[in-house]
Each structure stands twice: as structure tokens, then as C-alpha cells.
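J.: Before anything else, here's the structure in question.
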Amino acid sequence: MENLLKLLTEAFGPSGEESEVAALIEQKIRGAVDHLYTDKLGNLVAVRQGPSPRIVISAHMDEIGVIITHIDDQGFARLAPVGGVLPHQLVGQRVRLKQGRVGVVYHEKIKNLKELDWPRLYLDLGAEKQVEEIRIGDLAVLEQPFVNAGGRFLAKAMDNRAGCAVLIEALRRLPREIPQELCFVFSVQEEVGLRGARTAAYHLKPDFGLAVDVTRVGDTPKAPLMAVALGKGAAIKVKDSSVITHPIVRQLMIDTAEQHNIPYQLEILERGGTDAGVIHLSREGVPTGALSIPCRYVHTPSEMVDPADLKAAVELLKKLCTSNWPV
Amino acid sequence: MDKEQVKDMLEILTGAVGVSGDEREPAEITAGYLEPYVTRLHRDSFGNVIGFKEGTGGPGAPSLLVAAHIDEIGAMVSRLEKGFVRFSAVGGLDPRTLLGQAVEIHGRRRCRGVIGATPPHLLTEKERKKELRIEDLFIDLGMDPEGVEAQIRVGDYISLVRPLLTMAGGNIASGKALDNRAGVVAMIVCAAELVDIRHFCRIYFVGTAQEEVGVRGAIVASYGLSPDLAVAIDVTHGLSPGVAEEDGFGLGEGPVVGVGPNFHPRLVERVRTVAREYCLPYQVEPVPGPASTDSRAIQVSREGIPGILLSIPLRYMHSTVETLNLDDVLLTGRLLAGFARSIDTDLVEGLTCI
């Protein structure tokens with residue numbers, strides 16, 4: 001799991017350019033599924049055929065990043081966020097373009113930190129003038145290596161490569177016979193508005209949906225009140241800004257976790273959404289739940305997860321894949 | 001139907017608990033009220049309750065979707081703290097209205113509780129002026145921590161408690177969840193009126209789920225039913241001190257017809273004509289932005305569904321003393337029935353004529 005997570009989190013995959021991540025995932029799951037394809041928007045869809053019902057299990061593979069909006073004569077680039085990036089997270093932070101070039105983000109002279117905003121930030125890529133290989137519209141991701149910090153994992157893009165890793169691990173451990181059809185969707189553009197999962201769900205017409213994503217925690221000094229903590233198990237989402245988990249799916253998740261002694265916590269996320277938000281509103285409505293991986297420092301260069309939670313999430317997802325979903 | 005029946009229905013419907021995401025109680029009651037007037041009734045997987053009535057035009061006739069949301073604002077348990085309960089809002093809960101409020105938590109069993117405030121004696125000047133936030137509030141169930149933990153867990157629904165109060169000789173009703181059980185009753189009034197009125201169009205009466213958290217039930221219901229036309233019924237702001245004249249509408253002065261980009265101008269014109277024809281009073285509300293009602297979801301479903309919005313004026317929205325005039329509920333139902341009666345193939349085909 002650690003190696004897989006290192007590989008996935010260090011890959012380049014900002015919203016809109018997820019193909020590098022998709023290729024890595026494809027390598028890992030080819031052979032474990034009946035069909036594997038990329039749809040028109042770039043979602044990677046892996047199908048394990050089976051009888052009805054059909055369940056869509058979605059984890060987004062894109063990550064937050066920045067986009068170059070302007071380049072001046074000295075070669076300094078100006079930036080806009082792609083997804084929920086806060087400007088102060090970027091000061092002194094290295095970012096990497098798709099072709100590999102790395103630069104550092106800094107700010108113009110400001111009187112106090114309140115003035116720190118996107119127009120005051122620039123990216124220095126070491127160029128002394130405008131150069132051909134750096135262009136307006138280029139996307140960049142945070143440059144931050146994966147680290148095992150005292151047994152817990154720190155990396156950029158843990159949101160949501162952790163979810164991707166959980167899908168991959170569960171998928172590879174599925175038994176030969178499964179009681180339903182499973183469509184694993186590695187979705188694009190979640191961070192900019194749950195876009196990939198929306199069209200994938202429309203196309204796949206599932207009977208049930210499940211999103212796997214990271215969630216925030218309330219276990220750090222003076223954190224906002226939240227009952228989820230790192231290391232206390234997989235989180236079963238009850239509500240966030242995008243979805244209220246369908247009671248049937250929520251109960252199935254709780255029963256499955258309890259039956260197999262898988263540690264779990266119930267999650268209410270005050271602000272934020274997941275692919276479940278669009279899957280459950282697809283067509284005539286799709287009863288949908290979400291399995292979350294507790295994560296500290298979401299949307300920063302160092303997102304932290306606990307391997308015990310990942311293990312619980314894989315276990316719970318695997319059991320859900322072989323449980324009987326009540327039609 | 002008369003005012004007394006409207007009051008009785010409101011009393012029962014507002015007594016029901018249906019916080020967004022678990023609308024079983026109001027759905028069941030709504031279905032019971034609709035049953036005598038419709039030919040088919042069902043609940044979809046999302047929780048919408050749907051009653052269908054054929055018109056004189058048969059299966060080929062245009063179809064009308066009537067949407068009134070059955071959910072109400074409330075909260076969910078977010079954390080247990082030494083026997084006290086912290087909570088997360090479901091829908092636009094206003095912390096100012098919650099102090100001193102009785103609640104029910106729907107845990108392993110229903111538990112009554114209160115939201116208390118720190119006694120004024122113990123507050124500093126600064127604390128007294130501080131803005132109240134939901135995260136500062138907590139529920140007291142009067143039980144010890146072990147008792148609370150045995151009954152309550154994260155994610156349990158919390159509903160507000162307030163029996164319906166009638167005032168002014170029975171003309172005015174005040175209580176919780178009148179947003180939008182009043183709209184639901186107007187829909188039932190319409191269904192009842194249509195027993196004696198011949199109507200050409202086919203009608204879906206839909207009690208929509210999860211409106212308060214983002215018009216979600218209407219998104220899936222309008223896709224699933226794919227009607228030709230739609231009417232959403234909801235509440236709008238009533239006039240009271242502190243509400244600007246242009247933002248509020250008089251209680252007892254009739255239903256409010258929405259005008260703006262979410263509503264089809266020809267259908268708006270039609271409902272105004274119907275009101276004049278039947279001598280029913282009505283008011284007009286400009287809604288320039290996206291309407292905060294089911295209308296905005298239904299309009300852009302599939303290839304587009306033209307529609308209108310009828311609102312009932314209501315004071316103190318999203319509090320437990322939402323206040324309205326029963327006549328407005330009755331009149332809204334009657335106007336809606338008149339509008340439904342007026343729908344024919346020409347009206348629908350006329351919408352797409354160049």
C-alpha cells in the first residue's frame with residue numbers, strides 16, 4: 001500500500017490533465033477487471049461484470065493545482081487556482097509543470113499578510129525571459145515527495161490518490177464470483193465541480209453509487225468540531241454539502257462494518273463535497289453513499305493519512321462489493 | 001375544501017417530522033391526503049412522493065408537474081460532548097432562532113431536549129455582543145453522558161418542536177415547517193378542487209424531498225417524470241417590520257406569482273389571466289436571480305421544462321414561528337386548479353412556435 005500510494009501521490013494529475021495518473025492505475029488493475037476503458041472526458045472506467053444491480057464506485061484521480069495565466073518579459077508567471085487552493089499555502093512552495101520543470105511560488109512585496117492574494121503571487125521557473133516550453137494555460141501541481149512520517153503517510157494529492165489506492169487494492173482482492181456488477185470509476189475534475197463523476201454516472205445508469213474520497217478530521221489542536229479522527233477507522237459519510245447519504249446505503253455500510261469488525265466512524269463534513277453529490281442526483285436518482293479516509297491538512301502540500309484507516313477502508317469496500325445490496 | 005380543513009391538515013403535517021433526507025412521515029401523510037384524488041401513488045427511491053391523475057385528454061395530453069417540497073429544515077448530531085450534543089445544520093437553520101428552542105433527537109429512541117443559553121448574569125459585555133454561531137450551541141437532553149451515548153450517535157436527525165398555533169380568530173397559523181407544508185396543503189386543495197373541475201392535462205402531484213439542501217428531489221423527479229409543464233409551490237416572505245416593502249408580501253392578499261427568468265412568460269401570463277377570470281386576488285414577485293425553489297431545478301431538467309412558481313406569503317421564514325394566513329393557502333390551491341384546468345395542447349404547442 002505504501003509503495004502504491006507513493007507512486008500515485010507523486011504523479012502529475014491536476015484537474016483536466018489526469019492521463020498520467022490514469023495510466024498508472026490502468027497498469028495496476030489490468031487483468032483484474034473484465035472491461036477497462038477511458039471515456040470521452042477522461043474518466044477511467046473498470047468493470048467487473050456480474051448480475052444486477054449495478055454499483056458505481058467512484059474515486060477521483062485529479063488533484064488541486066495552479067494554472068499559468070500570464071508570463072511577463074522577465075519570465076515570471078502569474079497563477080490562478082485549479083480547485084480549492086489557498087494562496088498562502090503556496091508561498092515558498094515548489095510546483096511542477098507536466099514536462100517536469102519545477103519552480104517556486106513567491107509574492108510581491110506586501111505590507112501585511114492580509115494582502116496575500118492571487119494577483120500578488122508569481123511563479124519563478126528560473127527562466128530569464130519568456131521561453132517556448134512554458135505557456136499560458138500550463139497546469140502545475142505542488143512538488144512534494146511522499147514521506148512516511150512516524151508510520152503515518154504524508155504527501156501532496158493524498159486527496160484523492162488515497163481513495164484511488166483503496167479502489168485498486170479492493171479491486172485486486174475481489175473473489176472470482178461477485179453478486180453484482182461493479183463499475184469502478186476513477187473520475188476526473190472532481191476538484192473543480194464533480195464534473196467527471198456526473199457524466200460517468202449518467203452513462204453507466206447505476207442502481208447504487210458509492211464515492212471513496214478523503215475527509216477532514218477534528219483531532220488536531222483547536223480544530224473545528226468534528227467527530228472524525230485519524231486512526232479510528234474508515235469513515236462512513238452521513239452528510240456533507242453535496243449529499244445526504246441514502247439511509248439504505250448508510251445502513252448497509254454500518255452493518256457490513258460491524259459484521260466484519262471493521263473499525264469505522266460516522267462522518268458529518270460541514271463544508272465540502274464528493275462525487276456522491278452528483279452520482280445521487282443522476283437521472284431519476286441513485287441511492288448513494290460515501291466511504292471516507294480521514295485526512296489531516298486537506299488541500300495543503302502535506303496531507304496526512306493513517307495506514308490503519310486505509311486498511312479499514314479497503315476491507316470495508318471489499319466487503320461492500322460482495323454484500324447483497326437491497327434492491 | 002374550507003379553511004377549517006386547511007387548518008387541520010396543516011396541524012397534522014407540521015406535527016410530522018421530515019428533516020431533509022428522511023421525509024417518510026410527511027410523505028406518508030401527504031400520500032394519504034392525495035389518495036382520494038389520484039389514480040396512482042408511489043414513492044421513488046429518492047423519497048419523493050408522487051400522485052398521478054389522468055385528465056380528460058387521456059394519455060396523449062400534455063402533462064403538468066406540481067411540486068411542493070415536503071422536507072423541512074433541522075439538524076443532525078455531529079458530536080457528543082460529555083452528555084451534551086453538538087449539531088450540524090440541515091438546510092438554512094438560523095442560530096438566532098434556536099436559543100430556548102425545544103427539539104427532538106431521533107436516536108435509537110426519540111429523545112426530547114432543549115437548546116439553552118448561558119445565563120445573562122454570567123456573560124461579559126463582550127460575550128453578549130458576540131454573533132451567535134451554530135457551533136456555539138448544544139442540546140441538553142437532561143440525561144447523563146452514558147445515557148446519551150446509549151441513545152444517540154453521530155448522524156441522528158434533530159427536529160424542532162413547536163405545535164401549530166392559531167391566532168386572530170383562526171385566520172392566522174404559526175408554527176414550524178409551514179415552509180413548505182403550507183405549499184403541500186395548497187397542492188392537496190388543488191387536487192380536491194379538480195374533482196369537480198374537468199381538466200384536459202395529466203397531472204403529477206409531487207411532494208419533493210431535500211429541497212432545503214439544494215432542490216435535490218426536484219432534480220430527479222423532473223427528470224424521471226419528464227412533464228411538459230411545471231408549477232412549483234413554495235412560500236415567500238411576508239411583510240413585517242424589518243422587511244422592506246419590495247421584499248415582502250401582504251398576508252391574506254392572495255398567492256404570489258413569480259416573475260423572472262426561471263419562469264416562462266406565457267405561463268405567467270396564463271396564470272394571471274386565470275386569476276382575473278376567477279376573481280382570485282394575487283400578488284407579483286420579481287425573482288431576478290435563480291429562484292431558491294424547486295423551479296430552478298425543474299426548468300433545466302432534460303430538454304427544459306417551462307414552468308411557474310406560486311408562493312404563499314409567510315413571515316419569519318426558517319424559524320419555528322413561521323406565520324401565514326390560511327386564506328392564502330386556500331387561494332393558492334384554487335388558483336393552481338384554475339391554471340391546471342386551462343392547460344390544453346394549444347398552450348403547450350404554442351410555447352415552441354416561432
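J.: Compare the Cα positions of B:Thr124, B:Gly92, B:Val154 along the charge dipole of the range B:16-167 (+1 at Cβ of Lys, Arg; -1 at Cβ of Asp, Glu; about the Cα centre) and return the one farthest towards the positive end.
T.: B:Thr124
J.: How many percent of the alpha carbon pairs in chain B exceed a separation of 40 Å?
T.: 15 percent
J.: Give the average over all directions of the projected area of the C-alpha convex hull of the range A:65-142, one decimal, in nm².
T.: Details: hull surface 18.9 nm².
Computing the convex hull of the Cα atoms and averaging its projections yields 4.7 nm².
J.: What size of dipole, in debye to the nearest 20, comes out for chain A about its Cα centre when the only charges are +1 on Lys and Arg C-beta atoms and -1 on Asp and Glu C-beta atoms? Let's see the in-between values first.
T.: On the way: 38 positive and 41 negative charges, 85 e Å.
So the magnitude is around 400 debye.
J.: On to the next question. For A:Arg271 paired with A:Gln49, estimate the spin-label separation in nm (one decimal), with each label point 7 Å from Cα along the Cα-to-Cβ line.
T.: 4.7 nm
J.: If you count the DSSP beta bridges with both ends in the protein assembly as shown, what percent of them are antiparallel, to the nearest 5?
T.: Rounded to the nearest five, the antiparallel share is 60 percent.
J.: Next question, about the same structure. Starting at 0 and stepping by 5 Å, how many percent of the alpha carbon pairs of the range B:12-117 end up in each bin?
T.: That works out to 2, 9, 17, 19, 15, 11, 9, 7, 4, 4, 2, 1, 0, in percent per bin.
J.: State the Cα centre-to-centre distance between the range A:98-132 and the range A:178-201 in whole Å.
T.: Using only Cα atoms to place each centre, the spacing works out to 34 Å.
J.: As an exercise, take the mean of 1/r over every pair of distinct alpha carbons in the protein assembly as shown, invert it, and state the Kirkwood radius in angstroms.
T.: Working: mean 1/r = 0.0369 Å⁻¹.
Result for the protein assembly as shown, one decimal place: 27.1 Å.
J.: Related question: Where a Cα-Cα gap under 24 Å defines reach, which lysines qualify for B:Lys176, not counting those fewer than 8 residues away within the same chain?
T.: A:Lys239, B:Lys3, B:Lys7
J.: Which residues does the label zone of B:Glu35 cover in the range B:200-220, counting backbone N under 18 Å from a point 7 Å along Cα→Cβ?
T.: Correct set: B:205-207.
J.: For every helix of n ≥ 4 consecutive DSSP H residues, a contribution of -39,500 (n - 2.57) applies; sum these over chain B, divide by its total residues, and give [θ] at 222 nm rounded to the nearest 500 deg cm²/dmol. Each step should come with its number before you reach the end.
T.: Values: 10 runs with 103 residues, N = 354.
Rounded to the nearest 500, it is -8500 deg cm²/dmol.
J.: A further question follows. Lys/Arg Cβ at +1, Asp/Glu Cβ at -1, dipole of the protein assembly as shown taken about the Cα centre: which of B:Gly32, B:Gly57, B:Val19 is farthest positive-ward?
T.: Working it through, the farthest residue towards the positive pole turns out to be B:Val19.
J.: In addition: Given the range B:171-249 reduced to its alpha-carbon atoms as identical point scatterers, what log10 I(q)/I(0) does the Debye formula return at q = 0.19 Å⁻¹?
T.: Taken in order of the listed q values, log10 I(q)/I(0) reads -1.01.
J.: Note down the nm distance, to one decimal, between modelled labels 7 Å out along Cα→Cβ at B:Asp247 and at A:Tyr106.
T.: Output for this residue pair reads 4.8 nm.
J.: Now for a different question. Per DSSP helix of 4 or more residues, -39500 (n - 2.57); summed, then divided by the residues of chain A. What does that give at 222 nm, rounded to the nearest 500? Show your work: numbers first, answer last.
T.: Values: 7 runs with 77 residues, N = 327.
Result for chain A: -7000 deg cm²/dmol, rounded to the nearest 500.
J.: Could you compute how fast the range B:159-317 diffuses translationally, taking Rh as the Kirkwood radius over C-alpha pairs and applying Stokes-Einstein at 20 °C with viscosity 1.002 mPa s? Give it in µm² per second.
T.: It diffuses with D of about 129 µm²/s by this estimate.
J.: Filter the trypsin sites (Lys or Arg not before Pro) in the range B:32-121 to those in DSSP coil with at most 13 other Cβ atoms within 10 Å of their Cβ, and list the result. Don't skip to the answer; put the middle values down first.
T.: Values: sites: B:Arg40, B:Arg43, B:Lys53, B:Arg79, B:Lys82, B:Arg86, B:Arg96, B:Arg108, B:Arg109, B:Arg110, B:Arg112; in loops: B:Lys82, B:Arg108, B:Arg109.
Answer by residue number: B:Lys82, B:Arg108, B:Arg109.
J.: Using 0.36 nm times the number of residues separating B:Val114 and B:Ser292, minus their current alpha carbon distance, what extension gain do you get? Spell out each step's value before the answer.
T.: Numbers: separation 178, 0.36 × 178 = 64.08 nm, distance 3.00 nm.
Extra length available between B:Val114 and B:Ser292 comes to 61.1 nm.
J.: Could you work out the local net charge near A:Glu133, counting Lys and Arg as +1, Asp and Glu as -1, over the other residues with Cβ closer than 12 Å to its Cβ? Can you show the working numbers first?
T.: Values: positive: A:Lys98, A:Arg101, A:Arg135; negative: A:Glu132, A:Asp138.
Net charge around A:Glu133: +1.
J.: Turning to a different aspect of this structure: Given a Förster distance of 25 angstrom, what is the FRET efficiency for A:Leu116 paired with A:Leu225, based on the Cβ-Cβ distance and rounded to 0.05? Display every interim value, and only then the final one.
T.: Details: r = 28 Å, r/R0 = 1.10.
Efficiency at R0 = 25 Å is approximately 0.35.
J.: Which three semi-axes in whole Å describe the equivalent ellipsoid of the range A:201-279, each the square root of 5 times a Cα gyration tensor eigenvalue, listed largest first?
T.: Details: eigenvalues 104, 59, 17 Å².
Ellipsoid semi-axes (Å, largest first): 23, 17, 9.
J.: What's the magnitude of the charge dipole for chain B around its Cα centre, counting Lys and Arg as +1 and Asp and Glu as -1 at the beta-carbon? Answer in Debye, nearest 20.
T.: Working: 35 positive and 48 negative charges, 73 e Å.
It works out to roughly 340 debye.
J.: Taking all pairs of distinct Cα atoms, average 1/r, flip it, and tell me the Kirkwood hydrodynamic radius of the range A:217-327 in Å to one decimal place.
T.: Values: mean 1/r = 0.0691 Å⁻¹.
Taking the inverse mean of 1/r over all distinct Cα pairs, the range A:217-327 comes out at 14.5 Å.
J.: For A:Pro263, what charge total do you get from the other residues with a beta carbon under 14 Å from its beta carbon, if Lys and Arg give +1 and Asp and Glu give -1? Each step should come with its number before you reach the end.
T.: Values: positive: A:Lys232, A:Lys311, A:Lys319; negative: A:Glu258, A:Glu267, A:Asp306, A:Asp309, A:Glu315.
Overall, the nearby charge balance is -2.
J.: May I ask you to work out the translational diffusion coefficient for chain A at 20 °C, viscosity 1.002 mPa s, via Stokes-Einstein with Rh from the Kirkwood sum over Cα pairs, reported in whole µm²/s? Let's see the in-between values first.
T.: Working: Rh = 20.1 Å.
Here the translational diffusion coefficient equals 107 µm²/s.
J.: Kirkwood hydrodynamic radius (Cα pairs, Å) of the range B:295-343? Display every interim value, and only then the final one.
T.: Values: mean 1/r = 0.0769 Å⁻¹.
After inverting the pairwise mean of 1/r, the radius is 13.0 Å.
J.: Under a cut-off of 17 Å between alpha-carbon atoms, report the lysines in cross-link reach of A:Lys98, not counting same-chain residues fewer than 8 places apart.
T.: Of all the lysines, those that pass the test against A:Lys98 - Cα under 17 Å, at least 8 places apart if same chain - are A:Lys156.
J.: Suppose the Debye formula is applied to equal point scatterers at every Cα of the range A:87-184; what is log10 I(q)/I(0) at q = 0.14, 0.15, 0.16, 0.19 Å⁻¹?
T.: -0.75, -0.81, -0.86, -1.03
J.: Sort the range B:74-160 into rounded, prolate or oblate with this rule: let a ≥ b ≥ c be the square roots of the eigenvalues of the Cα gyration tensor; rounded if a/c is under 1.5, and if a/c is not under 1.5, prolate when a/b is larger than b/c, oblate otherwise.
T.: Working: a/c = 2.23, a/b = 1.55, b/c = 1.44.
In terms of gyration-tensor shape, prolate.
J.: Fewest Cβ neighbours within 10 Å first, please rank B:Met1, B:Met167, A:Met158, B:Met76 accordingly.
T.: Listing B:Met1, B:Met167, A:Met158, B:Met76 from fewest to most nearby Cβ atoms yields B:Met167, B:Met1, B:Met76, A:Met158.
J.: Right, here's the next one. Residues of the range A:166-194 with backbone nitrogen within less than 16 Å of a virtual label 7 Å along the Cα-to-Cβ line of A:Lys98, please, listed as ranges.
T.: Hits in the range A:166-194 for A:Lys98 at 16 Å: A:188-189.
J.: Once the Cα atoms of the range A:1-150 are picked out, what are the Rg and Dmax in Å?
T.: In order Rg, Dmax, the Cα atoms of the range A:1-150 give 18.7, 64 Å.
Bear in mind that the values in this text are calculations on the coordinates, not laboratory data. Keep in mind the model is a prediction, meaning the values are calculated, not measured. Cβ atoms come from the backbone with ideal geometry, glycine included; neighbour counts cover every protein chain shown.
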